[in-house]
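One structure below.
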Amino acid sequence: MNHLIDEVRKQQPLIHNITNQVVMNFTANGLYAVGAAPVMAHAKEEVEEMAQIASALLLNIGTLTKEQVDAMVLAGKAANQAGVPVVLDPVGVGATTFRTDSAKRILQEVNVTCIRGNAGEIANLAGVGAQVRGVEGSSDIDVQQLASLAFDTLQVPLAITGEKDVVIDKNEQVIISNGHPLLTKVTGAGCLLSAVIAAFLSVSDKVTDAISGALSYYGVAAENAAEKHQYPGSFQIAFLDQLFAVDGAEVNKKKRITRSS
């Protein structure tokens, strides 16, 4: 994996985000730091046109409404027609029927390139929670078992993020061990990660490599930020700085990735 962050900075892809209200500013600043160009277009009247000219599309259901879900489906279908990769972030799936049904509707109507979520979200989305030990949030959850069960059900490449990140497609499972616990203390860190995955997918047709590359880059930036900043506020700023500073050579040196078929 010749690291894709350098290619993102070269191409400066336009990432169309239909995302939640809590994280728009952080997501936009983070994408700028990465080297991509963000656009936040949510209105049904323009999402199809925007999705077709974008390099990738992120659908994040964090603060969803019926109108927003309708817009996501329109944008997703337009992206599919244009060959634009689509990332789904199923925030909070399982918390309410509306949230879960909305995510499933998107999956039914849109050809999604990648789903990025935490273990609980992925388990609930795939309907495999009863089969996975610790899925309700226990630290001893078997994430690799979850990944296999969820992929069998969803048949979409998955990025399950947590203490260790697991990426799975039909050919292989990849474990990325980079990152830092302070990411869990910053609102929108997971949502920005989904947008960064979209940026990486826009510059590579190797889906698993793109997802794994985004995760290792993101984790290295977090590790660097945490070396000098141990509190959430200063860490957040340092993390944005490190997203800007880290290059492919540093990621290739510091990434911790294992693969299995």
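The values are calculated or read from the model by the stated rules, or taken from the named source; none is laboratory data. What you see is a predicted model, and the numbers here were worked out from it, not measured in a lab. All Cβ positions, glycine included, derive from the backbone under ideal geometry; neighbour counts span all protein chains shown.
Which of the residues belonging to region 1-12 are modelled with pLDDT of 95 or more and over 16 Å from the mean Cα position of the chain (by Cα)?
Of everything in region 1-12, those that are modelled with pLDDT of 95 or more and over 16 Å from the mean Cα position of the chain (by Cα) turn out to be ASP6, GLU7, ARG9, LYS10, GLN11, GLN12.
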Filtering region 111-125 down to residues that are in contact with a strand residue (DSSP E or B) (Cβ under 6 Å, 6 or more places away or on another chain) and within 20 Å of ASP70 (Cα to Cα), which residue is surrounded by the fewest Cβ atoms within 10 Å (Cβ to Cβ)? VAL112
What is the residue count in region 5-28 for residues that are in contact (Cβ under 8 Å) with a residue 60 or more places away in the chain, buried (at least 18 other Cβ atoms within 10 Å of the Cβ) and part of a helix (DSSP H, G or I)? 5
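Taking ALA75, is it aliphatic (A, V, I, L, M), over 20 Å from THR161 (Cα atoms) and in contact with an Asp or Glu (Cβ under 7 Å, 6 or more places away or on another chain)?
Working: aliphatic (A, V, I, L, M): yes; over 20 Å from THR161 (Cα atoms): yes; in contact with an Asp or Glu (Cβ under 7 Å, 6 or more places away or on another chain): yes.
Answer is yes for this residue.
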Report, by residue number, each residue of region 209-245 that is of a type in the set (Val, Ile, Thr) and surrounded by fewer than 21 Cβ atoms within 10 Å (Cβ to Cβ). ILE237
Given the residues ALA103, ALA56, which is the only one that is within 27 Å of ARG256 (Cα to Cα), among the small types (Gly, Ala, Ser), buried (at least 17 other Cβ atoms within 10 Å of the Cβ) and modelled with pLDDT of 95 or more? ALA56
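Please work out if SER177 is modelled with pLDDT of 95 or more, over 22 Å from VAL86 (Cα atoms) and of a type in the set (Ser, Thr, Tyr).
Numbers: modelled with pLDDT of 95 or more: yes; over 22 Å from VAL86 (Cα atoms): yes; of a type in the set (Ser, Thr, Tyr): yes.
Judged against the criteria, SER177 is a match.
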Given the conditions (1) closer than 30 Å to GLY83 by Cα; (2) in contact (Cβ under 8 Å) with a residue 40 or more places away in the chain, every one holds for ALA222 apart from (1)
Condition first: at pLDDT below 95, in a helix (DSSP H, G or I), out of contact with any helix residue (DSSP H, G or I) (no Cβ under 9 Å at 6 or more places or on another chain) and farther than 15 Å from LEU154 by Cβ. Can you find one or more residues in region 77-97 that meet it? yes
